[in-house]
Structure formats: structure tokens, C-alpha cells
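The values are calculated or read from the model by the stated rules, or taken from the named source; none is laboratory data. Not measured: the values here are computed from a predicted model. Here the Cβ positions follow ideal geometry from the backbone for every residue, glycine too, while neighbour counts run over all protein chains shown. Keep in mind that these areas ignore ligands, DNA and RNA; they rest on the heavy atoms of the full protein, side chains included. Shrake-Rupley method; radii C 1.70, N 1.55, O 1.52, S 1.80 Å.
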Amino acid sequence: MSMTFYEELVWRGLVQDISSPELIDKLNEGGLTFYIGTDPTADSMHIGHYSSFLISKRLAQHGHHPLLLVGGATGLIGDPKPDAERPMITYEEVAKNIEGLKKQAEDIFGFEVVNNYDWTKDINVIDFLRDYGKYFNVNYMLAKDKVKSRMESGITFAELSYMILQALDFLWLYENRNCTLQVAGSDQWGNITSGIELIRKKLDKTAYGMVMPLVTDSTGKKFGKTEGNALWLDKNKTSSYEMYQYLINLEDSMIIDYLKKLTFLTPEEIMEIEKQHNEAPHLRIAHKALAKDIITGLHGEEEYKKAVQISEALFGGDLSGLSAEDIMQCAKQVPNIKVEEGTTLIDLLTGAKICSSRREAREMLGAGAISINNERHSDENEIINRDLGIDGKVFIIRKGKKKQYIGLF
């Protein structure tokens, strides 16, 4: 396929709005300094951030220069939510979170990091109102979607001021870093256009904005939200195995869209994967390609291979080279059983309710349907001790083909 850079962004579903048609040529040419922002509400980014940061990486690979703005100032206020006020976080929490985000941005994406607290902290309230506030019409601010959605329940002046602070960021970066483009998810369109307007009014200059659709599932739920919990990019918060399990179980109807938006596979590679996926969806070829690209990009190829090995180990695969710590990566997804050393196998099966009765346990053992660390065990009187455990700490017990448990000494 022969496409310009911008045409490929559109093909991947990564463009929802641009501020001006002339931005298209500038994107194709390269050479823009642009920024993407995130507020330090946690010490790690989550997978919901990944798509926005990935489009920034695409821009960087095409010759544009990225800046990651960590909102040390805006994070103390909070971007208005559509339904409620955000809880305030302390200065100490913000400082700690900034360190975590800065390290991630540099290690994973290679972005230069700037902090808006550096140019905001010395502005006094009079200067803020005179130099920035006077350029914002209240009716204009109230018409923005995020603000409009809060008018019935109420919105504080602090939250309303967030738009001005973000516009101030764009102005400062324009003047001091020659930054002419802001990139973000579509929920930031109102804040971006406010910055473009502030630059026009104060400097009589043109700046640009581009937003991508938020990545969601088929019901509109944000990508990466599982039972209210985010999938963190920090592998100490979300293991590579957990990330793999999430990605490998994504709904079939969305998987090609995710490949387009969340990988660096070429259009030709994606179309070939789509063909194979449509012919044999049960093989989950597209899901595996997505998991490999994301996990390798975040944590490296070894982490991806280990995630696959742990997943396969639960269903009879090779355990060699896996540690107790590796096995514990799947502890959140698999029932855990506390095991008293010296118990018999049949007492373990019934006491942990793996089997509903001693009769069922004997039937399972006799049928060869019980395995420990992927080896069949049939002696109901076998003594369970640490010798069975990986590193003497954990073991995998499987009943039949689909039910797995982790035993903990």
C-alpha cells in the first residue's frame, strides 16, 4: 500500500480531529516540535495512555520532535471529569508520581520530559488573571463539552481554571521550545483549542492540534479497564503475564482495530494477519500478534516469551526455567490454595474444594485427571511436601484440562 504518513494515520484510525487542513502537509513533511501531556495522578502510566504515546512515537519516527509534559502544576488542580470533581492529591504525591512517570517516558518511549510546574509556580494570581485570564471568555469556556456536562451538578473555579493552565502550557512551549503542535486523546480537544486560541490572541501566531479517538471496546468502555482496575505499564504493578492474558482474551470483533492502533506492524502485515484471523479465529493469531508487539515494546522480548511460557505452563506446557516468582505472576487470575506440608493428596483435593467429595477425588485420580506441575499423580495417599514445589514454594495443580490452582506452602 502506498500512503502518505497522514493517510496511514487515518487508515489506522488514529485521527479524529485536526485544527487546520494545513497541518496535513506539515505532518507529512516532518520537523515539528509537538507535545503530549499527562497529569501525575499515579506513579505509572496505564495501557489507556499507551495509544496516545504510541502515536507520539510514530510522529517521532517520521522526523517530529516529541516532548512529554508531566503536569506537576495541572495535576494539583485536576482536569474536570464529566461526572464529579477529582480528589485533590498532595504535593508529595505529585512529586513521587512525576519521578515514576519521567522514568517510564524516558525508558519506554525515549521522550524528553518537561514539567509545567517549572514555569507556573512563580506566577502570582494578579499576573495569572491579567496575562492569561483576560483572554478567556466565560461563555466560551462553559460551552466546552467537559464543562457543559458539569453545569447541572456544579463545577468549581479551580477546575474551570484547568483549561487556562493547559492553554498556558501550550503558549509557554510555543514561545520557549518552538512547540507548534499538541497531540492528545479526543477528550482533550477543548483544552487544545483553548491553547491554540491563546497563542493566536497573545502572539498572533498559528499553532495546531490533533486528537485521536479514545481506544475502547465494542461497548465504549475504555481499553485496559478490567473490573475497575487499570493495566499498568509498570510490570511491577501489572505483570507481563497479566498483560498477556488481557490481550489474548480481547474480543474478536475489535482485534484488527487494536492491531492498527496499537502496533507498528505494517498495513501489509496487518492485512495478512486479518486474513489468517478470519480463516481460523480460534487460533487467535491476531491476538498473539498484538500481545507480542505491545509486551515486547514495553518490557522486551524476554518478558514476552516468559509470559507465553507461564500461560502455557498452566495448561501442561514446559515449566523448566520458571521460578516461584514467575508462577506467582498468575496468582490474581488463578485460585490460590494454602497447603499444609504433610497433607495427603486426597485431603488436599477435598479440603481445598478442588473436588466436591472424596469419591470424586478418587475418580479424578483414577482417570489421570489430576496433575501437579504438569505431571499426573494418582496415589490418593501421596504426601504433599515442599519437594513438589517450584523453589520449594509453589506448585500448579490441574484438574482436567481447564481448571488450575496455585498451591502455596
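Would you work out the relative contact order for the range 1-97, in percent, from Cα pairs under 8 angstrom that are 6 or more residues apart?
30 percent
Only bridges whose two residues both fall in the chain count here: according to DSSP, what percent of them are antiparallel, nearest 5? Could the numbers behind the result be given before it?
Values: 19 of 40 bridges.
Counting only bridges with both partners in the chain, antiparallel ones make up about 50 percent.
Label reach from Ser186 (point 7 Å along Cα→C-beta): in the range 288-323, no amide nitrogen lies under 20 Å. Axis angle, to the nearest 10 degrees, between helix 301-313 and the longest C-alpha principal axis of the chain: 40 degrees.
In straight-distance terms, cross-link reach from Lys338 covers every one of the lysines whose alpha-carbon lies under 20 Å from its own, apart from those fewer than eight places away in the same chain; here that gives Lys353, Lys393, Lys399, Lys403.
Counting only Cα atoms, the size of the range 11-63 along its three principal axes is 36, 21, 19 Å, in decreasing order. Our estimate of slack between Thr266 and Glu363, defined as 0.36 nm per intervening residue step minus the Cα-Cα distance, is 29.7 nm.
Would you mind telling me which residue in Ile384, Ile126, Ile294 has the biggest mean-square fluctuation in a Gaussian network model of the chain, where springs connect alpha carbons within a distance under 10 angstrom? Top of the fluctuation ranking is Ile126. Of the cross-linked pairs Lys221/Lys402; Lys121/Lys237; Lys81/Lys134, those separated by over 26 Å at the C-alpha level are Lys221/Lys402; Lys121/Lys237.
Along the range 105-118 the Karplus relation, 6.51 cos²θ - 1.76 cosθ + 1.60 evaluated at θ = phi - 60°, assigns HN-Hα couplings of 4, 6, 6, 7, 10, x, 8, 6, 10, 10, 10, 5, 5, 4 Hz to successive residues, with x for each Gly and Pro. Remark: the range 358-371, residue by residue, has Karplus-estimated 3J(HN,Hα) of 5, 4, 4, 4, 5, 5, 5, 5, x, 8, x, 9, 10, 10 Hz, where x stands for each Gly or Pro and the curve is 6.51 cos²θ - 1.76 cosθ + 1.60 at θ = phi - 60°.
So what's the net charge close to Gln166: Lys and Arg +1, Asp and Glu -1, counting the other residues with Cβ under 13 Å from its Cβ? Before the final figure, lay out the partial values.
On the way: positive: Lys144, Lys146; negative: Asp39, Asp79, Glu159, Asp169, Asp187, Glu197.
For residues surrounding Gln166, the net value is -4.
Rounded to the nearest 0.05, what FRET efficiency do Lys81 and Lys288 have when you use their Cβ-Cβ distance and R0 = 35 Å?
On the way: r = 36 Å, r/R0 = 1.02.
With R0 = 35 Å, the Cβ-Cβ based efficiency is 0.50.
Here the 3J(HN,Hα) profile of the range 286-300, calculated from phi with Karplus coefficients 6.51, -1.76 and 1.60 at θ = phi - 60°, is 5, 4, 5, 5, 5, 4, 5, 5, 6, 5, 5, x, 7, 10, x Hz, Gly and Pro shown as x.
Which value, to two decimals, describes the C-alpha radius of gyration of the chain once divided by 2.2 N^0.38 Å?
Values: Rg = 26.0 Å, N = 409, 2.2 N^0.38 = 21.6 Å.
Relative to the 2.2 N^0.38 Å estimate, the chain comes out at 1.20.
Roughly speaking, what is the stretch gain from Ala331 to Asn374, that is 0.36 nm per residue apart minus the C-alpha to C-alpha distance, in nm to one decimal?
Working: separation 43, 0.36 × 43 = 15.48 nm, distance 1.71 nm.
Once the chain is fully extended between Ala331 and Asn374, it gains 13.8 nm.
Taking only Cα atoms, what is the 0 to 90° angle, nearest 10, from helix 189-203's long axis to the longest principal axis of the chain? Result, in degrees: 30. Distance between the modelled labels on Lys237 and Glu279, one decimal in nanometres: 4.1 nm (7 Å Cα→Cβ projection). Amide hydrogen proximity for Leu233: with H placed 1.01 Å from N in the peptide plane, the residues at 5 or more positions away or on another chain lying under 5 Å are Met45, His46, Ile47. Between Leu203 and Ser218, the contour length at 0.36 nm per residue exceeds the alpha carbon distance by 1.1 nm.
Residues whose amide H comes within less than 5 Å of that of Arg86, counting only those at least five positions distant or on another chain, are Lys81 (H built at 1.01 Å from N in the peptide plane). In this structure, the amide hydrogen of Val114, modeled 1.01 Å from its nitrogen in the peptide plane, lies closer than 5 angstrom to those of Leu68, Leu69, Val70, counting only residues at least 5 positions away or on a different chain.
Given a Förster distance of 51 Å, report the FRET efficiency between Ile383 and Glu29 from their Cβ-Cβ distance, rounded to the nearest 0.05. Working shown, then result.
Working: r = 72 Å, r/R0 = 1.42.
With R0 = 51 Å, the Cβ-Cβ based efficiency is 0.10.
The relative contact order of the range 59-193 comes to 30 percent, based on Cα pairs under 8 Å that sit 6 or more residues apart. What fraction of the DSSP beta bridges in the range 128-268 is antiparallel, stated in percent and rounded to the nearest 5? Around 40 percent of the beta bridges assigned by DSSP in the range 128-268 are antiparallel ones.
Please state the relative contact order of the range 149-216 as a whole percent: Cα pairs under 8 Å, 6+ residues apart?
Values: 67 pairs, mean separation 22.8, N = 68.
In percent, rounded to a whole number, it is 34.
The distance between label points at Lys103 and Asn137 comes to 4.8 nm (points 7 Å beyond Cα on the Cα→Cβ vector). Could you look at the chain and say what percent of its accessible area is carbon and sulfur, using a 1.4 Å probe and all protein chains? That share works out to 48 percent. Rounded to the nearest 0.05, what FRET efficiency do Ser320 and Glu8 give with R0 = 56 Å and r taken as the Cβ-Cβ distance? Could you check? The pair Ser320/Glu8 has a calculated efficiency of 0.85.
Suppose only helical runs count, i.e. DSSP H with n ≥ 4. What mean residue ellipticity at 222 nm does that imply for the chain under -39500 (n - 2.57) per run, divided by all residues and rounded to the nearest 500 deg cm²/dmol?
-12500 deg cm²/dmol
When both the range 256-307 and the range 3-69 are represented by their alpha-carbon centers, they are found 21 Å apart.
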